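Read the structure below first, then the notes.
Values quoted throughout were computed directly from the atomic coordinates according to the rules given, and no laboratory measurement underlies them. All of these numbers come straight from a predicted model, not from anything done at the bench. Cβ sites come from the backbone with ideal geometry, for glycine too, and all protein chains shown count toward neighbours.
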Amino acid sequence: MPVLPIRQYPDPVLRTRCAPVEEFGSDLKRLVEDMILTMHDAPGVGLAAPQVGVELRVAVVDATAGVDPEAVRVLVNPEILDVAGAATDKEGCLSIPDFTEQVTRPASVRVVSHDLEGEPYEIAADELEARAIQHELDHLDGVLFVDRLRGLRRQRARSFLRRLRSLEPAVAGGN
Ligand code: NI
């Protein structure tokens, strides 16, 4: 069970719309185990498959960041059923290190997901867990939390991301 390297912005895999999981077997189980390990190692409260270079609709969430093993949520082909309220809180992303911003999202969420055997089950979440689930679901559609920002917060994010892009080594002719 290795800790996987986490892809960083502007890696194009972070902008992919991921494909649904169709095979519920040992490969999926291994991927999820490695993702949980990688999330806890970071440490983070969530991780989506494209962040480890896998373009599948898989994510893991642990609002306790490794404190409570029972708190780990495995999301396979998740869909939002409904949301309620609104909440604004600080958010960051393992793929955009050293940048956090206040993000407004629905305060609670109900999701239908599948377990590792392909059986559907429902999750009802609020507070940090609801935020993390929505953040990870966005990743599966190539959406980053900075895309959710407006106004001055968006301006700050844009200049931070511009700096990250300028640090990227040139693709052609670079060394
Ligand atoms: Ni993220």
So what is the 222 nm mean residue ellipticity for the chain from helices alone, if each DSSP H run of at least 4 adds -39500 (n - 2.57) and you divide by all residues, rounding to the nearest 500 deg cm²/dmol? -9000 deg cm²/dmol
Provide Arg73, Arg17 in ascending order of the number of other Cβ atoms located within 10 Å of each residue's Cβ, fewest first. Arg17, Arg73
3J(HN,Hα) from dihedral phi, segment 8-14, Karplus parametrisation 6.51/-1.76/1.60, rounded to Hz, x for glycine, proline: 10, 3, x, 3, x, 4, 6
How big is the Kirkwood radius of segment 71-175, worked out from every pair of different alpha carbons and given in Å to one decimal? 15.5 Å
Arrange Val74, Val60, Val67 by Cβ neighbour counts within 10 Å, fewest through most, would you? Val67, Val74, Val60
In whole Hz, the Karplus estimates of ³J(HN,Hα) for segment 60-65 (6.51, -1.76, 1.60; θ = phi - 60°; x where Gly or Pro) are 10, 9, 8, 5, 8, 6
Contact order normalised by residue count of the chain, Cα under 8 Å, 6+ apart, percent: 23 percent
Hydrodynamic radius by Kirkwood, which averages 1/r over all alpha carbon pairs of segment 29-106, in angstrom: 13.6 Å
Net lengthening on full extension, Asp27/Val143 (0.36 nm per residue, minus Cα-Cα): 39.2 nm
Can you tally the net charge around Ser26? Count Lys and Arg as +1, Asp and Glu as -1, for every other residue whose Cβ sits under 14 Å from the Cβ of Ser26. -3
Give me the net charge of Thr16's neighbourhood, meaning all other residues with Cβ under 15 Å from the Cβ of Thr16; Lys, Arg count +1, Asp, Glu -1. -2
For the chain, compute Rg over Rh where Rg is the Cα radius of gyration and Rh is the Kirkwood radius from the inverse mean 1/r over Cα pairs. 0.97
Would you calculate the separation in nanometres between label points at Arg158 and Val3, each defined as 7 Å from the Cα along the Cα-to-beta-carbon direction? 3.6 nm
